[in-house]
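Below: one structure, written as structure tokens.
The values are calculated or read from the model by the stated rules, or taken from the named source; none is laboratory data. As the structure is a computational prediction, the values presented were derived from the model and not from experiment. Cβ sites come from the backbone with ideal geometry, for glycine too, and all protein chains shown count toward neighbours.
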Amino acid sequence: MPILLREWFCLKEGRDNFKPHNDRDSRLVFCHDHLLHDEIETSIQLRFAANEPVKMLLLGDWGVGKTHAVNHIKWWLEDNKTDYPAFPVVIEIGDIDRTSHFDALVRPFLKKLGLDFVVDLVHGYKQQNPNLVQSLRDSGIQPSVADAFAKFLLAMPGDTPPVLLGIGEMHRVVRGNRIIFIADEAAKLETVDATDATRAHWVNANKLILDDNNTTFGFIYTISARRDQLPAALYEDQLRNRLGDNVHELQNLAPADVGSFVTRLVQEFVDEDAVNALVASGNIAASDFQWANYPFTSTGRAEFVDYFNRSQEDAKPRDICSKLDDVAFVAAKMEKRLIDPSCLRAAKM
């Protein structure tokens, strides 16, 4: 019989392992509490208080939790839509090469929204503004793009930021809230830095997006990089000035936070009643069991947490979850209901 972690460790319905799902678990916060609640949510609230769109950059190492963070932002906005009306749209940036223009970023947003969405938006806008083209032009949208919307031609070369502006303006008028475009994994923009003309194109597009004159739509980038490694196409001096304090860095987990992260995962993922039933039946030795340590013995948990405290470069949520799956599999293979130090050594920890 194959080993199934969900059976061996009493995972709840729908859980196959100890890895969170970005969409399904977007409401949950496993770590980075201060950053998410006190910095990012406060920054969003401030923008709404000032009647300005949300503009933000999230950065940090691969696997530190940026994608989960933007999905949590999306969930938070939807959960608080009465007080903070917005329409967040999340995409992952696709393939970018040294000659890619901004339309490479706009296309996935348009695909995510869908043609029906945009057509319906145009019809709704026209009902409130019979002269659709002139109204869009009066809102600062280039004539060629305004004409394109009137004809349902949604993308024209070189006019990509105004396309977002047009959608954002119509959505603001028709739906009464602002679109927030969220572009995940902007590290791919490092490629466009290699060509002066392409880099200048992206810098100009991002200047338009992040400028105070853009009061129509919000924009959030995430990037897997440190502050001193950010591509100029995203963080050139003029762009850095426009972002101001709205740059938030997700750090690797501090020693005190690794144990907290594991505890929150277990509390959310594991059926405690099913575990207690195994203890009551003798399948888990009561002398070795404490719910606070599950799925480890006390020494197993201490060594697991200490591993990441000693290897700070690995103390990222993605790595911790992967290692937890690894040692859990080893324990199940050894027919151990609790993960002890021998399981960690067998998993090369």
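So which residues in segment 34-91 are of a type in the set (A, V, I, L, M, F, W, C), assigned to a loop (DSSP other than H, G, I, E, B) and under 23 Å from Asp228 (Cα atoms), if there are any at all? Residues satisfying the conditions are Trp62, Val64. Across segment 231-248, the qualifying residues are those that are surrounded by fewer than 19 Cβ atoms within 10 Å (Cβ to Cβ) and among the hydrophobic types (A, V, I, L, M, F, W, C), and the one among them that is nearest to Ile96 (Cα to Cα) is Ala232.
For segment 278-296, give me each residue that is crowded, with 16+ Cβ neighbours inside 10 Å and either within 30 Å of Asp61 (Cβ to Cβ) or touching a Phe, Trp or Tyr at 6+ places or on another chain (Cβ under 8 Å) (or both). Val279, Asn293, Tyr294, Pro295, Phe296 - these are the residues of segment 278-296 that are crowded, with 16+ Cβ neighbours inside 10 Å and either within 30 Å of Asp61 (Cβ to Cβ) or touching a Phe, Trp or Tyr at 6+ places or on another chain (Cβ under 8 Å) (or both).
Going by the conditions given, is Asn241 among the polar types (S, T, N, Q), touching a residue at least 12 places away in the same chain (Cβ under 8 Å) and closer than 30 Å to Arg47 by Cβ? It is false that Asn241 is among the polar types (S, T, N, Q), touching a residue at least 12 places away in the same chain (Cβ under 8 Å) and closer than 30 Å to Arg47 by Cβ.
Checking Phe48, Phe18 one by one, the residue that is hydrophobic (A, V, I, L, M, F, W, C), touching a strand residue (DSSP E or B) at 6+ places or on another chain (Cβ under 9 Å), touching a residue at least 24 places away in the same chain (Cβ under 8 Å) and surrounded by fewer than 19 Cβ atoms within 10 Å (Cβ to Cβ) is Phe48 and no other. Only helices (runs of 4 or more DSSP H) whose full extent lies in segment 236-330 are considered here, and the ones with at least 1 residues that are closer than 15 Å to Cys10 by Cα are 255-269, 272-280. Go through segment 1-28 and count every residue that is out of contact with any Phe, Trp or Tyr (no Cβ under 8 Å at 6 or more places or on another chain) and either assigned by TED's automatic domain parsing to the domain that holds Ile73 or not in a loop (DSSP other than H, G, I, E, B) (or both). Residues in segment 1-28 being out of contact with any Phe, Trp or Tyr (no Cβ under 8 Å at 6 or more places or on another chain) and either assigned by TED's automatic domain parsing to the domain that holds Ile73 or not in a loop (DSSP other than H, G, I, E, B) (or both): 3 in total.
Among the residues of segment 314-335, at least one is in contact (Cβ under 8 Å) with a residue 12 or more places away in the chain, in contact with a Cys (Cβ under 6 Å, 6 or more places away or on another chain) and β-branched (Val, Ile, Thr).
Of the listed requirements (1) surrounded by fewer than 16 Cβ atoms within 10 Å (Cβ to Cβ); (2) in the same structural domain as Asp314 (by TED's automatic domain parsing), Asp257 misses just one: (1).
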